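Scroll down for the structure; my scribbles are underneath it.
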Amino acid sequence: ERQLGEVCRACGYDGIITYSFYSPAGWDMIRLPVDDKRRDAIRILNPLGEDTSCMRTTTLPSMLEVLARNYRNKSVKLYEFAKVYRKRADGLADEPKVLTLGAYGEDMDFYALKGAVEELCDALLIQNVEYRPVKDDPSYHPGRCAVISIDGVEVGVMGQLHPLVNENYNVEQPMFAAEIHLDTL
(Lines give C-alpha, C1' and ligand atoms only; values in the text may rest on other atoms or scores of the structure.)
Protein backbone atom coordinates (compact mmCIF):
# COMPACT_ATOMS: atom_id res chain seq x y z
CA GLU A 1 0.00 0.00 0.00
CA ARG A 2 2.83 2.38 0.83
CA GLN A 3 4.40 1.77 -2.59
CA LEU A 4 1.10 2.17 -4.42
CA GLY A 5 0.36 5.35 -2.46
CA GLU A 6 3.69 6.79 -3.58
CA VAL A 7 2.83 5.99 -7.20
CA CYS A 8 -0.61 7.60 -6.84
CA ARG A 9 0.93 10.75 -5.42
CA ALA A 10 3.57 10.79 -8.17
CA CYS A 11 0.71 10.66 -10.71
CA GLY A 12 -0.84 13.74 -9.05
CA TYR A 13 -3.50 12.03 -6.90
CA ASP A 14 -4.20 13.09 -3.30
CA GLY A 15 -5.15 10.57 -0.64
CA ILE A 16 -8.51 10.62 1.12
CA ILE A 17 -10.19 8.63 3.89
CA THR A 18 -13.96 8.14 3.90
CA TYR A 19 -16.36 6.40 6.27
CA SER A 20 -16.99 2.66 5.96
CA PHE A 21 -20.72 3.15 6.38
CA TYR A 22 -23.09 5.05 4.17
CA SER A 23 -26.65 5.41 2.96
CA PRO A 24 -28.42 2.86 0.75
CA ALA A 25 -29.27 5.88 -1.44
CA GLY A 26 -25.66 5.72 -2.65
CA TRP A 27 -26.54 2.66 -4.71
CA ASP A 28 -29.18 4.64 -6.58
CA MET A 29 -26.72 7.48 -7.14
CA ILE A 30 -24.36 5.10 -9.01
CA ARG A 31 -27.29 3.42 -10.78
CA LEU A 32 -26.94 -0.10 -9.31
CA PRO A 33 -29.82 -2.33 -10.42
CA VAL A 34 -32.22 -3.47 -7.70
CA ASP A 35 -31.00 -7.08 -7.99
CA ASP A 36 -27.27 -6.22 -7.89
CA LYS A 37 -25.45 -8.25 -5.22
CA ARG A 38 -23.70 -5.09 -3.96
CA ARG A 39 -27.07 -3.94 -2.56
CA ASP A 40 -27.00 -6.84 -0.10
CA ALA A 41 -25.18 -4.92 2.61
CA ILE A 42 -24.58 -5.49 6.29
CA ARG A 43 -27.04 -3.27 8.15
CA ILE A 44 -25.96 -1.41 11.27
CA LEU A 45 -28.26 -2.32 14.16
CA ASN A 46 -28.27 1.11 15.82
CA PRO A 47 -27.30 3.67 13.13
CA LEU A 48 -27.09 7.39 13.79
CA GLY A 49 -29.39 7.85 10.79
CA GLU A 50 -30.37 6.45 7.40
CA ASP A 51 -27.30 8.04 5.83
CA THR A 52 -25.05 5.79 7.97
CA SER A 53 -27.21 2.68 8.12
CA CYS A 54 -25.13 0.11 6.23
CA MET A 55 -21.54 -0.94 5.60
CA ARG A 56 -20.23 -0.12 2.14
CA THR A 57 -20.08 -2.85 -0.48
CA THR A 58 -18.46 -0.57 -3.04
CA THR A 59 -16.19 2.44 -2.66
CA LEU A 60 -17.56 4.32 -5.65
CA PRO A 61 -20.31 6.37 -3.89
CA SER A 62 -17.86 7.60 -1.25
CA MET A 63 -15.30 8.65 -3.86
CA LEU A 64 -17.89 10.43 -5.98
CA GLU A 65 -19.27 12.30 -2.97
CA VAL A 66 -15.80 13.70 -2.27
CA LEU A 67 -15.27 14.60 -5.93
CA ALA A 68 -18.64 16.37 -5.99
CA ARG A 69 -17.85 18.32 -2.80
CA ASN A 70 -14.64 19.54 -4.44
CA TYR A 71 -16.31 20.47 -7.72
CA ARG A 72 -15.45 24.17 -7.36
CA ASN A 73 -11.81 23.25 -8.11
CA LYS A 74 -10.70 23.12 -11.76
CA SER A 75 -9.40 19.58 -11.51
CA VAL A 76 -9.17 16.99 -8.79
CA LYS A 77 -7.41 13.61 -8.58
CA LEU A 78 -8.01 11.46 -5.50
CA TYR A 79 -7.18 7.97 -4.30
CA GLU A 80 -8.26 5.85 -1.34
CA PHE A 81 -7.34 2.50 0.13
CA ALA A 82 -10.50 1.20 1.77
CA LYS A 83 -12.24 -1.95 2.85
CA VAL A 84 -15.59 -3.06 1.49
CA TYR A 85 -17.83 -5.39 3.47
CA ARG A 86 -19.46 -8.39 1.81
CA LYS A 87 -21.91 -10.66 3.62
CA ARG A 88 -20.99 -14.29 4.06
CA ALA A 89 -23.41 -17.15 4.64
CA ASP A 90 -22.34 -17.36 8.33
CA GLY A 91 -23.49 -13.77 8.92
CA LEU A 92 -19.98 -12.36 9.21
CA ALA A 93 -18.23 -10.30 6.54
CA ASP A 94 -15.39 -10.63 4.11
CA GLU A 95 -13.42 -7.38 4.14
CA PRO A 96 -11.38 -7.10 0.93
CA LYS A 97 -9.36 -3.94 0.34
CA VAL A 98 -9.91 -1.77 -2.71
CA LEU A 99 -7.80 0.99 -4.22
CA THR A 100 -10.13 3.57 -5.73
CA LEU A 101 -8.99 6.37 -8.02
CA GLY A 102 -11.32 9.24 -8.85
CA ALA A 103 -10.72 12.31 -10.98
CA TYR A 104 -12.10 15.05 -13.18
CA GLY A 105 -10.57 18.05 -14.89
CA GLU A 106 -9.14 19.52 -18.07
CA ASP A 107 -6.31 16.99 -18.39
CA MET A 108 -8.40 13.94 -17.45
CA ASP A 109 -9.71 11.37 -19.88
CA PHE A 110 -9.91 7.59 -20.14
CA TYR A 111 -6.29 7.32 -21.27
CA ALA A 112 -4.93 9.49 -18.46
CA LEU A 113 -6.67 7.18 -15.97
CA LYS A 114 -5.37 4.12 -17.82
CA GLY A 115 -1.87 5.60 -17.59
CA ALA A 116 -2.17 5.83 -13.80
CA VAL A 117 -3.34 2.20 -13.60
CA GLU A 118 -0.40 1.15 -15.80
CA GLU A 119 2.00 3.05 -13.50
CA LEU A 120 0.56 1.15 -10.52
CA CYS A 121 1.04 -2.21 -12.26
CA ASP A 122 4.56 -1.29 -13.38
CA ALA A 123 5.52 -0.39 -9.80
CA LEU A 124 4.51 -3.89 -8.71
CA LEU A 125 6.29 -5.48 -11.69
CA ILE A 126 2.98 -6.84 -12.94
CA GLN A 127 2.88 -7.86 -16.58
CA ASN A 128 0.19 -9.25 -18.89
CA VAL A 129 -2.31 -6.53 -17.97
CA GLU A 130 -5.31 -6.46 -20.29
CA TYR A 131 -8.18 -4.01 -20.64
CA ARG A 132 -11.44 -5.48 -21.95
CA PRO A 133 -14.25 -3.10 -22.96
CA VAL A 134 -17.41 -3.25 -20.87
CA LYS A 135 -20.74 -1.84 -22.02
CA ASP A 136 -23.14 -3.13 -19.36
CA ASP A 137 -21.82 -1.60 -16.12
CA PRO A 138 -24.58 0.87 -15.15
CA SER A 139 -22.20 3.17 -13.26
CA TYR A 140 -19.86 3.69 -16.19
CA HIS A 141 -20.27 5.22 -19.64
CA PRO A 142 -20.86 2.46 -22.24
CA GLY A 143 -17.85 2.33 -24.53
CA ARG A 144 -15.64 4.24 -22.10
CA CYS A 145 -15.22 1.53 -19.49
CA ALA A 146 -12.90 -1.46 -19.19
CA VAL A 147 -12.35 -4.43 -16.94
CA ILE A 148 -8.74 -4.69 -15.81
CA SER A 149 -7.39 -8.24 -15.84
CA ILE A 150 -4.01 -9.81 -15.23
CA ASP A 151 -3.31 -13.21 -16.78
CA GLY A 152 -7.06 -13.54 -17.35
CA VAL A 153 -8.03 -12.77 -13.72
CA GLU A 154 -10.21 -9.68 -13.22
CA VAL A 155 -8.71 -7.25 -10.71
CA GLY A 156 -10.90 -4.22 -11.25
CA VAL A 157 -12.82 -1.84 -13.46
CA MET A 158 -12.05 1.64 -14.73
CA GLY A 159 -13.52 4.30 -16.96
CA GLN A 160 -15.64 7.39 -17.37
CA LEU A 161 -18.70 7.60 -15.16
CA HIS A 162 -22.09 7.45 -16.84
CA PRO A 163 -23.57 10.90 -17.60
CA LEU A 164 -26.59 10.07 -15.41
CA VAL A 165 -24.23 9.37 -12.49
CA ASN A 166 -22.63 12.78 -13.09
CA GLU A 167 -26.11 14.29 -13.08
CA ASN A 168 -26.91 12.56 -9.77
CA TYR A 169 -23.84 14.22 -8.22
CA ASN A 170 -24.44 17.60 -9.94
CA VAL A 171 -21.08 17.47 -11.72
CA GLU A 172 -21.13 18.82 -15.26
CA GLN A 173 -17.74 17.68 -16.52
CA PRO A 174 -16.79 14.02 -17.04
CA MET A 175 -15.67 12.10 -13.95
CA PHE A 176 -13.38 9.07 -14.09
CA ALA A 177 -12.82 6.26 -11.62
CA ALA A 178 -10.95 3.00 -11.17
CA GLU A 179 -11.75 0.34 -8.59
CA ILE A 180 -8.88 -2.12 -8.10
CA HIS A 181 -9.27 -5.11 -5.76
CA LEU A 182 -5.98 -5.25 -3.88
CA ASP A 183 -6.39 -8.79 -2.55
CA THR A 184 -6.80 -10.10 -6.09
CA LEU A 185 -4.03 -7.87 -7.41
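The values are calculated or read from the model by the stated rules, or taken from the named source; none is laboratory data. Note that the structure is a prediction, hence the values are computed from the model and not measured. Neighbour counts run over all protein chains shown; Cβ positions are idealised from the backbone, glycine included. For the accessible areas, the whole protein counts, side chains as well, though only heavy atoms, and no ligand, DNA or RNA atoms are used. Shrake-Rupley method; radii C 1.70, N 1.55, O 1.52, S 1.80 Å.
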Around Tyr13, with a cut-off of 15 angstrom between Cβ atoms, what is the net charge of the other residues, counting Lys and Arg +1 and Asp and Glu -1? -4
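Which GluC sites (Glu not before Pro) from segment 60-164 combine a DSSP loop assignment with at most 11 other Cβ atoms within 10 Å?
Working: sites: Glu65, Glu80, Glu106, Glu118, Glu119, Glu130, Glu154; in loops: Glu106.
Sites meeting the loop and neighbour criteria: Glu106.
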Rg (one decimal) and Dmax (whole number) from the Cα set of the chain, in Å, equal 15.8, 47
Excluding Ser139 itself, what net charge comes from residues whose Cβ is under 12 Å from its Cβ, given Lys and Arg +1 and Asp and Glu -1? -2
Residue span Ser75 to Lys135: 0.36 nm per residue of separation minus Cα-Cα distance leaves a gain in nm of 19.0 nm
Residue-wise, which Karplus ³J(HN,Hα) couplings in Hz belong to segment 72-87, taking 6.51 cos²θ - 1.76 cosθ + 1.60, θ = phi - 60°, and x for glycine or proline? 5, 6, 4, 8, 9, 10, 10, 9, 8, 9, 8, 8, 10, 10, 10, 4
As an exercise, use a Förster radius of 45 Å and the Cβ-Cβ distance of Ala25 and Asp122 to find the FRET efficiency, rounded to the nearest 0.05. 0.75
So, in segment 1-158, how many Lys pairs have Cα atoms under 30 Å apart, if the pair is 8 or more places apart or on different chains? 21
Average accessible area per residue (Å²) across segment 5-145 - probe 1.4 Å, nucleic acids and ligands excluded: 56 Å²
Using a simple spin-label model with points 7 Å from Cα along the Cα→Cβ vector, what separation in nm is obtained for Val66 and Glu1? 1.3 nm
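So what are segment 106-185's ellipsoid semi-axes, whole angstrom, largest first, if each one is the square root of 5 times an eigenvalue of the alpha-carbon gyration tensor?
Working: eigenvalues 110, 37, 20 Å².
Each semi-axis is √(5λ); the values are 23, 14, 10 Å.
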I'd like the accessible area for Lys87: 1.4 Å probe, protein heavy atoms, all chains in place, Å² to the nearest 10. 100 Å²
